[in-house]
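Take a look at the structure set out below.
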Amino acid sequence: MFQINTNYQKLPGSYLFSTIAKKVNAYSAANPDKKIIRLGIGDVTQPIAPAIIEALHKAVDEMGHAETFHGYAPDLGYDFLRKAIAQNDYRDRGCDISEDEIFVSDGAKSDSANIQELFAADSKIAVCDPVYPVYVDSNVMAGRTGTYDPKTEIWSDVIYMPCTADNHFVPEFPKETPDLIYLCLPNNPTGTTLTKDKLQEWVDYANRVGAVIIYDGAYEAYISEENVAHSVYECDGAKTCAIELKSFSKNAGFTGVRLGYAVVPKELKCGGVSLRDMWARRHGTKFNGAPYIVQRAGEAVYSPEGKAQLKEQVAYYMKNAAAIKEGLKDAGYTVFGGVNAPYIWLKTPEGMTSWDFFDYLLEQANVVGTPGSGFGPSGEGYFRLTAFGTYENTLAALERIKKL
Ligand code: MLT
């Protein structure tokens with residue numbers, strides 16, 4: 001008789017954003033006349049930029065002719081895209097990353113969940129708290145997190161690094177030595193980030209204790225401050241201790257198109273075994289690729305027209321972020337983030353848990369946000385609003401919140 005992976009049974013409820021979607025659908029079905037404004041999940045609303053649409057059309061046409069048709073994509077991704085990534089995202093920033101250290105994928109979400117497969121079953125993970133729930137969830141499925149206490153929402157074998165207003169959302173080195181350290185910078189959900197000097201301290205720490213940093217740079221395009229690194233490889237020594245994950249979802253609107261990549265440097269080794277070679281094996285077997293058409297779209301992200309159009313899109317969302325921040329401040333809320341990331345992180349009103357505030361906002365203002373506790377125990381008492389809505393909806397949501 002087959003047996004199931006019982007670690008799945010340990011996962012409490014459904015994935016955060018599925019839980020929210022179910023709640024919102026139920027409310028909507030019971031109140032069909034209400035116009036709901038969705039500032040919950042970090043899904044983009046602006047259409048794919050013209051330069052990228054043009055590349056998609058061209059690639060689709062190529063698929064219709066025997067001479068230009070493409071079948072299975074190469075394991076690691078097409079050379080044209082990996083070259084564009086290596087040049088634009090790394091070498092132009094002074095980072096020594098080459099094409100053969102880049103692994104194209106169907107998005108940072110899959111990579112965030114799958115990357116833990118490279119490490120031993122008893123590896124100890126450390127996460128910023130709060131953070132994107134996929135890191136912990138995927139380690140729960142792999143059986144690394146121990147037991148869950150529903151009261152405290154804490155996993156016994158996870159090292160939590162609290163990031164709250166008290167420490168300006170900057171994690172401290174954990175007391176217990178981790179094997180894997182997940183850093184999402186700029187952070188989802190707090191929208192805050194680390195200075196380059198602070199990040200260098202983390203790289204030095206990881207090299208010193210023999211840990212690997214899993215660096216999620218999905219929101220890198222939103223960095224506006226000079227002293228913030230755009231890649232972990234801007235830090236000395238990062239190639240021996242860090243894997244970087246990137247996404248085309250938030251900077252280029254690919255949440256529905258799906259494209260991302262992982263960087264696993266050749267220098268990252270454990271007892272002489274190259275993690276890059278291990279991940280290359282995985283790509284060949286598990287076919288974690290993106291279609292030719294999508295990879296051509298990704299290439300267009302780096303064209304001069306693509307860059308200019310996407311800069312405008314990022315500016316559009318950051319205008320929303322500024323409006324949310326100002327609007328909430330006017331309404332008396334304490335707000336964080338929104339400077340280097342498209343997320344605003346606010347304190348829930350006195351006496352309200354983050355799920356209380358979720359219900360309150362949904363029912364009284366018909367606005368959807370994300371409860372902070374969904375991102376980890378230290379997220380309790382906080383709430384996230386995304387700047388990825390349309391400008392009109394963002395302003396309308398603020399008007400409704402101000403009237404509460
Ligand atoms: C978020 O809203 O935090 C994420 O982008 C949604 C997801 O990828 O699951």
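The values are calculated or read from the model by the stated rules, or taken from the named source; none is laboratory data. All figures in this text were calculated on a predicted structure; none of them were measured in a lab. Don't worry about glycine lacking a Cβ; one is built from the backbone with ideal geometry, like all the others, and counts go over all protein chains shown. Ligands, DNA and RNA are excluded from the accessible area calculation, which covers all protein heavy atoms including side chains. Shrake-Rupley method; radii C 1.70, N 1.55, O 1.52, S 1.80 Å.
Worth a mention:
- Whole-percent pair-distance distribution, where bins are 10 Å wide, for the alpha carbons of the chain: 5, 22, 32, 27, 13, 2, 0
- Which of Leu404, Leu194, Ile243, positive extreme of dipole for the chain (C-beta unit charges): Leu404
- Here is the list for region 342-404: trypsin sites (Lys or Arg not before Pro) lying in DSSP coil, each with at most 11 other C-beta atoms within 10 angstrom of its C-beta, are Lys403.
- Accessible surface of the chain, 1.4 Å probe: 53 percent of it comes from carbon and sulfur atoms.
- Close amide H pairs (under 5 Å, H built 1.01 Å from N) link Tyr382 with Thr348, Ser354, Gly372, Ser373, residues at least 5 positions away or on another chain.
- Probe 1.4 Å, accessible area per residue of the chain, Å²: 43
- Top of Phe173, Phe248, Phe358 by mean-square fluctuation, Gaussian network on the chain, Cα under 10 Å: Phe173
- Percent of beta bridges antiparallel (DSSP, the chain, rounded to nearest 5): 55
- The loop-placed GluC sites (Glu not before Pro) in region 42-72, going by DSSP, that have at most 11 neighbouring Cβ atoms within 10 Å of their Cβ come out as Glu67.
- Backbone HN-Hα couplings from phi across region 100-113 [Karplus 6.51/-1.76/1.60, Hz, Gly and Pro as x]: 7, 9, 10, 10, 6, 9, 8, x, 5, 5, 5, 4, 4, 7
- Candidates Cys163, Cys270, Cys95: whichever shows maximal mean-square fluctuation once the chain is modelled as a Gaussian network with Cα springs under 10 Å: Cys270
- Estimated from the Cβ-Cβ distance and a Förster radius of 45 angstrom, the FRET efficiency linking Lys307 and Thr334 is about 0.80.
- Residue-averaged 222 nm ellipticity for the chain, from DSSP H runs of 4+ at -39500 (n - 2.57), nearest 500: -11000 deg cm²/dmol
- Springs between Cα atoms under 10 Å define the GNM used for the chain, and in it the highest mean-square fluctuation of Glu226, Glu267, Glu234 occurs at Glu226.
- P(r), alpha carbons of region 1-83 - 5 Å bins starting at zero, rounded %: 3, 9, 9, 11, 11, 9, 12, 15, 13, 8, 1
- Pairwise centroid distance, computed over Cα atoms, of region 156-218 with region 219-280, Å: 15
- Put the Cα centre of region 287-322 next to the Cα centre of region 114-144 and the gap is 29 Å.
- ³J(HN,Hα), Karplus 6.51/-1.76/1.60, whole Hz, each residue of region 275-290, x for Gly, Pro: 5, 4, 5, 5, 5, 5, 5, 4, 4, x, 8, 8, 6, 8, x, 10
- Backbone HN-Hα couplings from phi across region 357-374 [Karplus 6.51/-1.76/1.60, Hz, Gly and Pro as x]: 5, 4, 5, 4, 5, 5, 7, 8, 10, 6, 10, 9, x, 10, x, x, 5, x
- Within region 344-399, the GluC sites (Glu not before Pro) that combine a DSSP coil assignment with at most 16 other C-beta atoms in a 10 angstrom radius are Glu350.
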